[in-house]
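Enquirer: Take a look at the following structure, please.
Since every read-out is calculated from the coordinates, none of them should be taken as a lab result. Predicted model only: the values in this text are computed from it and were never measured. Glycine gets a Cβ as well: all are built from the backbone with ideal geometry, and neighbour counts include every protein chain shown.
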Amino acid sequence: MSTRRRVLTATIAVICTIVIVWRYHDLSEVPAYISRKTAYRPYNVSHTGDSHHLPQPADSHGWFEVETNLSSGVKQYTRSSTSTVPSLLWLSLTFDSQSWGKHNFHHRNVDDFLRIIPQQVQLEDVSLGLLTSSEQEYKAYIEATRAYDFAKISIILHKGFHDGPVVDRAHRQDRAVQVARRSELAKLRNFLMLRTIADEEHILWMDADVYRLDQGIVQRMIKHTGERVDVGMITARCSQGGNDNYDHNAWRGTRQGPRGWDLNEQEIKDGELAAQGQYHVPAIIKGSTNDDLVELDVVGATILYIRATLVRQGLTFPAHFVVGTRWRKDGWDGIESEGLCYNARGMENSKCMVLGGSWHVEHTKG
């Protein structure tokens with residue numbers, strides 16, 4: 001080998017050594033919680049529309065946070081851990097600060113809600129999703145959730161799909177606005193659920209103004225679905241003060257429509273007329289034990305477990321009456337949570353159930 005070639009070879013070797021040492025030194029400066037395979041320098045990107053913000057290191061424990069500006073003024077804040085994969089998606093909607101209700105003269109807030117969750121499940125197993133129509137509440141949720149080590153936190157600011165209140169407590173029982181209100185609720189539930197679901201196995205909806213859950217009730221629901229592959233949705237009795245059945249949206253049976261019971265002559269001969277009518281939760285769980293599941297035809301959503309595979313099969317909250325729907329004509333029943341079991345027909349593992357025995361949750365009066 002000529003002297004010139006030996007010098008050239010040695011020079012190349014020195015350069016390669018310098019590059020390797022520099023590269024190793026550069027990566028050694030990357031915090032441990034960032035994988036060296038995906039190491040990057042943080043950016044603060046502001047973008048409107050379908051935002052593609054780059055995540056930013058939030059702390060030294062592997063947390064990343066990002067705020068995304070979506071269309072029509074919708075915002076989404078996400079904070080997630082790189083080290084845990086949640087199995088449960090816990091969801092709730094609010095309109096404003098009044099949505100949490102009042103208990104024992106105390107105006108509840110997001111902190112009261114958050115304190116319930118670790119009493120039921122391990123936070124590292126939970127992806128939390130909250131949607132509100134109040135910008136003040138949106139900011140409050142972001143700050144309040146920093147004290148909790150959920151695997152993932154998604155907080156959405158959404159003013160609604162129509163002008164006017166979305167989850168307005170003052171009008172929630174007004175019959176004149178119930179259809180429009182429940183249609184809006186269905187759309188917002190779907191937005192939150194579809195925006196936040198990832199690889200979770202279980203979904204739990206809980207109303208913001210539910211202030212107490214029986215200890216172990218969530219784990220009981222999850223355990224049932226492990227033992228019963230045919231079960232897809234589970235609710236529980238909801239009480240309010242002296243009322244042991246606050247949620248009238250959960251029942252078994254049938255409800256009379258504009259064409260009466262809509263039975264043909266043969267069905268009447270077969271005795272179906274005698275079986276018509278609604279049976280609410282207290283009646284149908286009577287005599288059952290805490291280990292039992294009792295079948296329902298309709299579920300409410302004060303507390304509602306949904307097997308996540310149903311959503312992946314296409315299950316959503318209907319925003320219109322699905323029962324009795326005909327071409328060019330709306331139906332007359334089955335809107336929002338009351339249409340879930342109806343919509344789940346034909347899907348695998350989709351039976352609707354209620355916990356038997358004494359299992360229940362409690363709803364605020366205010």
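Enquirer: Calculate the length of the line joining the C-alpha centroid of region 309-366 to that of region 184-232, in whole Å.
Expert: When both Cα centres are located, 13 Å separates them.
Enquirer: What distance in nm separates the simple spin-label points at Q219 and K286, each placed 7 Å from Cα in the Cβ direction?
Expert: In this crude spin-label approximation the distance works out to 3.3 nm.
Enquirer: Kindly rank 271-277, 343-349 from highest to lowest mean number of other beta carbons found within 10 Å of each residue. Don't skip to the end; give the middle numbers.
Expert: Details: 271-277: 11.7, 343-349: 14.0.
Those peptides, ordered most packed to least, come out 343-349, 271-277.
Enquirer: Size of the dipole of region 227-366 about the Cα centre, Lys and Arg at +1 and Asp and Glu at -1 on the beta carbon, nothing else charged, in debye to 20? Kindly include the intermediate steps, with their values, before the conclusion.
Expert: Working: 15 positive and 19 negative charges, 76 e Å.
Rounded to the nearest 20 debye, it is 360 debye.
Enquirer: Explain nothing, just compute: Karplus ³J(HN,Hα) = 6.51 cos²θ - 1.76 cosθ + 1.60, θ = phi - 60°, for every residue of region 206-216 in order, whole Hz, x for Gly and Pro.
Expert: Ordered by residue, 3J(HN,Hα) equals 9, 4, 4, 9, 8, 9, 8, 10, 4, 4, x Hz.
Enquirer: Would you kindly compute the Cα radius of gyration of region 85-168 and its largest Cα-Cα separation (Dmax), both in Å?
Expert: Taking only Cα atoms of region 85-168, I get Rg and Dmax of 13.2, 39 Å.
Enquirer: For S83 paired with A180, estimate the spin-label separation in nm (one decimal), with each label point 7 Å from Cα along the Cα-to-Cβ line.
Expert: Computed distance between label sites S83 and A180 equals 5.0 nm.
Enquirer: Here's something else I'd like to know. Rounded to the nearest 0.05, what FRET efficiency do E348 and E265 have when you use their Cβ-Cβ distance and R0 = 35 Å?
Expert: Numbers: r = 35 Å, r/R0 = 0.99.
So the FRET efficiency works out to roughly 0.50.
Enquirer: For H248 and D199, compute 0.36 nm times the residue count separating them, minus their Cα-Cα distance, and round to one decimal in nm.
Expert: Working: separation 49, 0.36 × 49 = 17.64 nm, distance 3.19 nm.
Extra length available between H248 and D199 comes to 14.4 nm.
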